[in-house]
1. Spot the failing condition for residue 520; the list is (1) of a type in the set (Gly, Ala, Ser); (2) surrounded by fewer than 22 Cβ atoms within 10 Å (Cβ to Cβ); (3) more than 30 Å from residue 223 (Cβ to Cβ), and only one is missed.
2. Looking at (1) among the aromatic types (Phe, Trp, Tyr); (2) surrounded by fewer than 19 Cβ atoms within 10 Å (Cβ to Cβ); (3) under 33 Å from the mean Cα position of the chain (by Cα), which is the only condition residue 65 fails?
3. Please list, ordered by first then second residue, the pairs with beta carbon atoms under 6 Å, 6 or more apart or interchain, first in the stretch 447-473 and farther than 18 Å from residue 235 by Cα and surrounded by 21 or more Cβ atoms within 10 Å (Cβ to Cβ), second at pLDDT below 95 and β-branched (Val, Ile, Thr).
4. Here is a check on your reading of the model: is residue 571 on the phi > 0 side of the Ramachandran plot and either in contact with a helix residue (DSSP H, G or I) (Cβ under 6 Å, 6 or more places away or on another chain) or of a type in the set (A, V, I, L, M, F, W, C) (or both)?
5. For the stretch 325-336, indicate whether the set of residues that are touching a residue at least 60 places away in the same chain (Cβ under 8 Å), under 21 Å from residue 425 (Cβ atoms) and surrounded by fewer than 22 Cβ atoms within 10 Å (Cβ to Cβ) is non-empty.
6. I want to confirm something. Restricting to the stretch 378-408 and keeping residues that are closer than 18 Å to residue 358 by Cβ, at pLDDT 90 or above and not aliphatic (A, V, I, L, M), which single residue is farthest from the chain's Cα centre (by Cα)?
7. From 315, 300, 342, grab the single residue that is acidic (Asp, Glu), assigned by TED's automatic domain parsing to the domain that holds residue 480 and free of Cβ contacts under 8 Å to residues at least 24 places away in the same chain.
8. Is it the case that some residue within the stretch 41-50 is at pLDDT below 85 and surrounded by 15 or more Cβ atoms within 10 Å (Cβ to Cβ)?
Amino acid sequence: MSPRTPHPYALRFTLCALLVMLVTKAGFGLTGVFGETVLPNLSSYVQDAVLVIASAGFLLLLERFAPAQLKTFLRVLFVAWVALLAAMSLAYTPFIPDFERQRINIFALDPAIFTFSFGLFVSPLVLAGMAGFSVLLFGLPVVLAPRLRPAAPWLLAACVLQVALFVASMGQPAVSPLVYTLVDEASSLGRRLHNPYGIGKLEPSPAAAEGQDFSFLFHPRREAPEAPPRYSRVVLLVMESVDYDLLMSRFGQPGAEFPKRVKDHCVSFTNYRCLNLESYTGMLTLLNGVFIPYRAYGDDSTFSFVNLRDNLARDMRHRGFTPWFVSSYGAWQARFVPDAADWEGIVLKDPEKSPRFVAMNSNGMERALEDNAVLEDVVDLCRRPGRSFIMQEMVCGHSPIWMEKVGIEPLTYYDRYFSKLYDRLEQEGLLEGTLIAITSDHGPRPNPTDPRTYRLPLLLIAKDLPAGEEGAFLSHLDFADILWARLTGGPTPSGAGRVFVVGSSIGFVYGMMGRDGSYALIDDHTVRVGTNMPPEKVRAFHEQFEGYLSFFDAQRRAAGPVAQEALRGHVILK
């Protein structure tokens with residue numbers, strides 16, 4: 001072999017890596033949601049394959065012209081780099097249905113999410129898969145044909161075909177987070193060099209917090225009204241990832257059942273907002289009246305003290321209601337129940353105990369039964385004597401795999417669930433004296449710089465409520481006041497006129513929205529800004545947000561350390 005000829009093992013190793021990637025992605029694609037992940041999986045393969053080929057070619061070129069003393073080092077680097085790319089490509093493959101909904105820039109992720117995810121997804125099966133991958137990747141090149149030549153016509157033709165397919169696949173944002181990260185970083189370079197808004201990465205600013213009144217984001221303790229409640233039962237149903245437009249479009253279809261049932265006694269809030277695009281922090285805001293300026297999944301020590309504040313569950317108990325939290329999630333989700341210590345009981349489901357319901361067992365985070373599995377639990381709690389406050393966190397729609405599992409899209413599922421629950425309450429003679437509230441934890445996550453994704457439905461339903469609409473600019477921060485107003489016959493709150501918001505753990509987007517329609521939504525990593533405000537007002541908001549970060553951190557320090565025992569509740573696993 002000539003000193004300037006690439007080592008044949010390197011070429012065989014690259015081919016083997018590409019083959020393992022292709023077989024794995026094709027396998028996942030053929031077993032995907034309704035078969036619809038075949039094309040995304042193949043697109044991700046083509047995109048990652050070009051990345052592997054380009055970097056392999058570059059390293060082979062380096063080796064060819066490098067001094068003899070560096071050749072061994074470069075060969076080791078070659079094998080390590082190609083193996084790393086292949087491993088990363090395979091690691092994200094099971095989540096391609098999620099990445100189809102929301103593209104990921106790896107550099108925008110919170111480092112804490114990797115530790116969080118490791119405990120979630122690593123299992124004996126995953127470790128066995130990693131071992132099998134290593135055997136294939138490092139063993140197959142040894143037995144592949146040793147006569148492989150870098151100038152073989154078929155090899156060059158295959159490389160040209162890969163590049164052509166890559167160009168075709170880039171007609172839309174890359175499915176591969178590896179390639180999407182490179183493209184997103186390149187496109188954001190110009191925004192970082194020339195930033196018309198004069199803003200940088202967020203940093204807490206004590207100076208910006210001075211003289212600021214943040215009570216519109218961090219509600220002070222409010223006493224529940226003394227007037228006797230008009231209802232004995234309150235059922236709060238929290239959907240997953242449904243914005244206002246999505247629900248209204250479903251409810252406007254001829255086949256929708258639930259809207260017809262409640263049209264004469266339903267109040268719809270048409271200008272209602274969430275503040276967080278994640279379930280845990282979204283529900284904490286709804287129950288506690290506090291805006292949390294952080295991502296939910298990773299390091300929750302920055303906001304866990306909020307669980308210990310006065311909240312809606314505690315207030316309801318003080319007014320004679322017994323508060324219950326219900327969900328068809330498995331036991332692992334107990335750590336994400338808001339205000340866990342304040343519920344009389346946290347009713348969760350063990351998929352092994354209810355085989356007649358559709359189950360999801362892909363990982364701890366998604367381990368759950370369909371929402372129908374807890375419908376009778378909700379009815380049973382409504383039957384109990386005395387006053388009851390029942391909050392159900394719903395699961396359908398949390399992953400696109402649910403649509404494959406239950407055979408219908410989430411909004412159709414919710415429509416049927418609400419109708420069935422309403423019928424069961426009617427059959428049991430429980431509709432009289434019951435107030436039903438329906439909202440969502442947050443809107444869809446794919447486009448966190450679109451203000452429409454933060455607009456949520458909020459429906460209040462009771463037999464004695466006249467139908468109508470409320471157009472006040474309100475949010476999850478105001479939910480407790482809205483509920484108490486309906487329970488006691490008081491006026492609907494007017495709201496603060498503006499709110500701050502944050503996106504999800506995938507990428508940190510922060511922003512504000514106002515009653516007048518003004519908004520600014522900023523990607524903290526890429527400095528991508530969506531706004532209808534002038535640059536000076538965007539800059540002023542950025543400084544205010546930095547002030548709120550400092551204010552919020554001061555509240556955390558004042559609350560002191562939070563013991564994990566204080567965040568645990570009484571879990572009832574059925």
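The values are calculated or read from the model by the stated rules, or taken from the named source; none is laboratory data. Predicted model, so just to flag it, every value in this text is computed and none were measured. Glycine gets a Cβ as well: all are built from the backbone with ideal geometry, and neighbour counts include every protein chain shown.
1. (2) is the only condition that residue 520 fails.
2. Of everything listed in (1) among the aromatic types (Phe, Trp, Tyr); (2) surrounded by fewer than 19 Cβ atoms within 10 Å (Cβ to Cβ); (3) under 33 Å from the mean Cα position of the chain (by Cα), residue 65 misses just condition (3).
3. Close Cβ pairs satisfying both conditions: 448/509.
4. Against the criterion (on the phi > 0 side of the Ramachandran plot and either in contact with a helix residue (DSSP H, G or I) (Cβ under 6 Å, 6 or more places away or on another chain) or of a type in the set (A, V, I, L, M, F, W, C) (or both)), residue 571 does not qualify.
5. no
6. Filtering the stretch 378-408 for residues that are closer than 18 Å to residue 358 by Cβ, at pLDDT 90 or above and not aliphatic (A, V, I, L, M), the one farthest from the chain's Cα centre (by Cα) comes out as 392.
7. 300
8. Checked the stretch 41-50: no residue is at pLDDT below 85 and surrounded by 15 or more Cβ atoms within 10 Å (Cβ to Cβ).
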